[in-house]
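Below is one structure, written out as structure tokens, with a few remarks after it.
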Amino acid sequence: MEGQCEEKRELSDDGDNGLQMAPELMLDLAHKAAELLVERIQDLPEEEAWDGEFRQGLERQLMKDPPEAGRSPAEVIEQVAREILPVAMRLDHPRCFAFIPSSPTWPGVLADFMAAGYNINACTWLVGSGPSQLELVVIDWLRQWVGYPESAGGLFTSGGSAASLDAFVAAREAAGHPERATVYMSDQSHSAHIRAARIIGVRPECIRLIPSDDLFRLDLDALAQAAADDRAAGFNPIAVCANAGTSSTGTIDPIEAMADYCESESIWLHIDAAYGGFAVVTEQGKELLRGIERADSIGLDAHKWFFQPYEAGCLLVKDLSTLERAFAVRHDILQDTIWGANHPNFSDRGLQLSRSVRALKVWMSVQTFGMEAFRQAVSRGMALATQAEEYVSESQLLEMLNPASLGIVCFRINPDDTSIDEEELTEINKTILARMFWEDKAFISSTLLHGKFSLRLCIVNHTTTWDDVRETLKAIERFGQEALSSI
Ligand SMILES: Cc1ncc(COP(=O)(O)O)c(C=O)c1O
């Protein structure tokens, strides 16, 4: 016993367990990391929007055994900043228009740093009272922005995928967890919803992809027919998923009509607003997403159009009790954390027990810049998309393939004065995409519009200017011209 005490004293007297740092060094390193980040942000517009490497090269560089003895921490940070993190798509580059980009604000970045430094676990009220209260505050902002009643609530999640998974669990439980469950979504819905449905146990053949119309909106008659056929065959529709901004075209499904239908059929309506949802902070967006407040649940991603670093998803449900009924599970070891309904445990609302305080980044950014700045930044995305649409419509070389919606513009090279068959057009546009990829500073991606190959810009970055959009379109025209002159 005596020996053990002595050993303990020896360990603590030493003051260095091998995993700690002197305060001065901690500050130096934090300073160094911050300097590198600010330098990166300043230099970004001059850089390419994408950098990447094939695996072989990266493996040669990085595939090493963990060192037995540590090395200089400044060197480690330097290596990360020079060799690892920049070898990626720079989603916050003002000319990154691919997929759904993301452009975090600095207070959001600092929020993640501080949350990690304070080692926050926003799992229960006992473990994180301040962070839990903050999450309630931000969730309440979002509740008001979408127009939900006070009975609504929710939680922050890793992203839209986790939000839809949690929503489908709540929907399944609200439906009484029936056998032979079916879910419905448009053929334009994000694959995250197919995955979420599979995870909750909906058989792949019971995930109904409803056809979309020529503007890529879910066909309501086809939905009603599919659900009626299913009921007649003994299946149990548990959820319908509507899009508030598809990732392909930014299309908004007929939300009001889908809400009418789901209400009349008592089917849970989930709205995937991961991309488009934050449009509701603007008057224009509120109008476009009219009826969103009628959904049973809504998923939104603040790491898309609300300028936060990954991960910042959110699920709101109209009746908070539906979420807690689905997720709250008692566990003896957690009995001390039950402080009653007035002190919610966010782990009772979703998948995760241990979870960071994602709401902090939204809160710190909004506190710092104010809502007016956010409203303007979201509006600017829509305005630039409209301007891009005008440019494309006036171009002799470009053709709009769908009206711009939210911040997304789908178009291709298709000259006014030449008739080229579809197959050849596809090849030309693929060539242009490849040349943009390798030769231009901007980064764009493509999609298929009912099978037709389309180039696509998603404009949601608060630092993007009209110059960035126009120069990107001009580069596409230039490559298009060259491709056309070689046929
Ligand atoms: C419309 C839409 N829904 C869902 C998702 C999935 O969200 P996350 O990647 O945050 O899990 C995405 C991702 O881009 C999306 O664009």
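The values are calculated or read from the model by the stated rules, or taken from the named source; none is laboratory data. It should be emphasised that the depicted structure is a prediction, and the values quoted were computed from it without experimental measurement. Here Cβ is always computed from backbone atoms with ideal geometry, including for glycine, and neighbour counts include all displayed protein chains.
Candidates are the residues of the stretch 149-169 that are over 16 Å from the mean Cα position of the chain (by Cα) and either outside the structural domain of Ile298 (by TED's automatic domain parsing) or not in a loop (DSSP other than H, G, I, E, B) (or both); the one that is farthest from Arg198 (Cα to Cα) is Gly153.
Residues in the stretch 236-260 that are surrounded by fewer than 20 Cβ atoms within 10 Å (Cβ to Cβ) and closer than 17 Å to Ala174 by Cβ: Asn236 alone. For the criterion of being assigned by TED's automatic domain parsing to the domain that holds Asp166, part of a loop (DSSP other than H, G, I, E, B), of a type in the set (A, V, I, L, M) and over 22 Å from Ser161 (Cβ atoms), Leu223 fails. Under the condition of being within 17 Å of Ala122 (Cβ to Cβ), of a type in the set (A, V, I, L, M, F, W, C) and assigned to a loop (DSSP other than H, G, I, E, B), the residues counted in the stretch 298-352 number 5.
Among the residues of the stretch 270-285, just one is without any contact (Cβ under 8 Å) to a residue 60 or more places away in the chain and either more than 16 Å from the ligand (Cβ to nearest atom) or surrounded by fewer than 24 Cβ atoms within 10 Å (Cβ to Cβ) (or both), namely Glu283. Within the stretch 192-211, residues that are in a loop (DSSP other than H, G, I, E, B) sit with their Cβ atoms under 6 Å from residues that are of a type in the set (A, V, I, L, M, F, W, C), at 6+ positions apart or across chains, in these pairs: Ile200/Phe168; Ile200/Val169; Val202/Ala181; Val202/Val183; Pro211/Ala222.
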